[in-house]
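Read-outs throughout are calculated quantities, based only on the coordinates presented, and are distinct from any laboratory measurement. This is a predicted model, so every value here is computed, not measured. Using ideal geometry, Cβ is built from the backbone for each residue, glycine included, and neighbour counts are taken over all protein chains shown.
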Amino acid sequence: MADPRANRLAKVLVRYSRKVKRGQTVLIAGPSAAEPLILEVAREVFRAGGHPMYRMSPSRAEEVFYAEAGKAQLEFLPKSDMALAREADHYIHIIADINTRALSGVDPKKQALATGARRRLQDYVLRKNEWTVTLFPTAAYAQDAGMGLEEFEDFVYAATRVDKRDPVAEWKKMKAFQQKVLRRLRGADRVHIVAPGTDLTLSVKGRRFITCFGSHNMPDGEVFTGPVETSAEGCIRYTYPVCYRGKEVVDVRLEFEKGKVVKATAARNEALLKTMIDMDAGARRLGELGIGTNYGITRFVKSILFDEKIGGSAHLALGRSYEATGGRNKSAIHWDMICDLRDGGRLEVDGRVLQADGKFRL
């Protein structure tokens, strides 16, 4: 029997995040480990009068892919993937790893080739803007988070608000709070981030801040924009490991000049860091500045879907900007890295403190 909270999450995804209407098609994608939630989402799509389409892959599919694929196969994008993307009115993608370290031994260059090959598909889905990503709790994620599975399930369902009597009302409360943050950011120019090992300035002049309250990520809780591509100056030290396809890049430190990373170091997996930022011309520039607002997520669990939303944190992504923000940076990657501001950090906007020690000053 499925966890009843999975059905509540499915209702939120279909009725609130995607607002599926009668006659619409919904592509539900995820590995076989996510089957309980995939089926609950399909059930809710049917109840909404829609048509579910499935893209369920074996949980070890990527492991086999990188073990066997040659260059031509790494660079191959099936026509069926683009066809499904064009047919779907909505996309709901569920991540559910059974081994988050399965790709730890894969050559970063192979991963870069495969990522580049899928860029056309990713760009199409992003432009269509009818997607939602969520996570189904597995023992692998629980282990990464230092929790038992039941404890991690409680964490996930609390972060997505489905443990509340009215989850949608909770997400609307978050939207109202973030509107206050947006008012402070309207017309902003200079952003200054200070924390241990961090002293970074950048410009957001002319860029649009977007508020996120459960439509595209579940859980959610951030306000973000695309920084001016040539504006970043200074250094930043990321508090938490940066996780990428089974590898952890630990103690990342970046130095920027005129918006470009000129020095990049890490205590572990530095080679991966340097391979990724050399992927293309845009990979050394910032594509996003995000400010976490979800105070229901209080701890780092090694899943970017949750970690970038930590209330009192800021994250900056290298690579692709979101066009809706006015960002112009193009890249095959969008790599979020998190700086915790809850212990001696602050974020200033045009000389005024917006957030200090993780608390907003509105």
Relative contact order for region 4-163, counting Cα pairs under 8 Å that sit 6 or more residues apart, in percent:
27 percent
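Where does region 94-173 land on the Kirkwood hydrodynamic radius, alpha-carbon pairs, in angstrom? Provide the component values of the computation, followed by the final result.
Values: mean 1/r = 0.0646 Å⁻¹.
One over the average 1/r among Cα pairs gives 15.5 Å for region 94-173.
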Where nothing but the Cβ of Lys and Arg (+1) and of Asp and Glu (-1) is charged, how large is the charge dipole of region 4-163 around its Cα centre, in debye to the nearest 20?
880 debye
Which aspartates and glutamates, on any chain, are close to K330 with Cα under 12 Å apart, when same-chain ones fewer than 8 places away are left out?
D123, E229, D280, E288
Counting each pair of different Cα atoms once, what's the Kirkwood radius of region 160-270 in Å, rounded to one decimal?
16.3 Å
Which three extents, in angstrom, do the Cα atoms of region 256-307 have along their principal axes, listed largest first?
36, 25, 16
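Roughly speaking, what % of Cα-Cα pairs in region 4-163 are separated by over 19 Å, rounded to a whole number?
More than 19 Å apart: 59 percent of the Cα pairs in region 4-163.
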Excluding residues fewer than 8 positions from K71 in its own chain, the lysines with Cα under 19 Å of it are K79, K109, K110
Could you tell me what percent of the DSSP beta bridges with both partners in the chain are antiparallel, to the nearest 5?
75 percent
Out of Y141, I277, Q178 - ranked by how far each Cα lies towards the positive end of the dipole of the chain, with unit charges on the beta-carbon of charged residues - the top one is Q178
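Consider all pairwise Cα distances in region 292-336 and report the whole-number % of them above 15 Å.
Of the Cα pairs, 50 percent sit more than 15 Å apart.
Quick one: Cα convex hull volume of region 168-360, Å³ per residue?
Working: hull volume 20.2 nm³, N = 193.
Per residue, the Cα convex hull of region 168-360 comes to 104 Å³.
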Please compute the alpha carbon radius of gyration of region 302-362, then divide it by the globular-protein estimate 2.2 N^0.38 Å. Two decimals is fine.
1.27
For a distance above 35 Å, tell me the whole-number percent of Cα pairs in the chain that qualify.
20 percent
Total charge dipole magnitude, the chain, about the Cα centre, Cβ charges on Lys, Arg, Asp, Glu only, Debye to nearest 20
1380 debye
Suppose every K and R has +1 on its Cβ and every D and E has -1 on its Cβ; what is the size of the dipole of region 115-203 about the Cα centre, in Debye to the nearest 20?
860 debye
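Normalised by the number of residues in the chain, what is the relative contact order in percent for Cα pairs under 8 Å and 6+ residues apart?
Values: 808 pairs, mean separation 50.1, N = 362.
Dividing the mean separation by the residue count of the chain yields 14 percent.
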Ranked from fewest to most other Cβ atoms within 10 Å of their own Cβ, Y54, Y66 fall in the order Y54, Y66
The residues I95, I277, I291, sorted from fewest to most surrounding Cβ atoms within 10 Å, come out as I95, I277, I291
Under 30 Å between alpha carbons, and skipping anything fewer than 8 positions from K173 in its own chain: which lysines qualify?
K11, K19, K21, K128, K164, K205, K302, K309, K359
Given a Förster distance of 30 Å, the FRET efficiency implied by the Cβ-Cβ spacing of S57 and V168, rounded to the nearest 0.05, works out to 0.45
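Compute the relative contact order of region 168-360 as a whole-number percentage, counting only Cα pairs closer than 8 Å that sit 6 or more residues apart in sequence. Before the final figure, lay out the partial values.
Details: 511 pairs, mean separation 41.1, N = 193.
Answer for region 168-360 is 21 percent.
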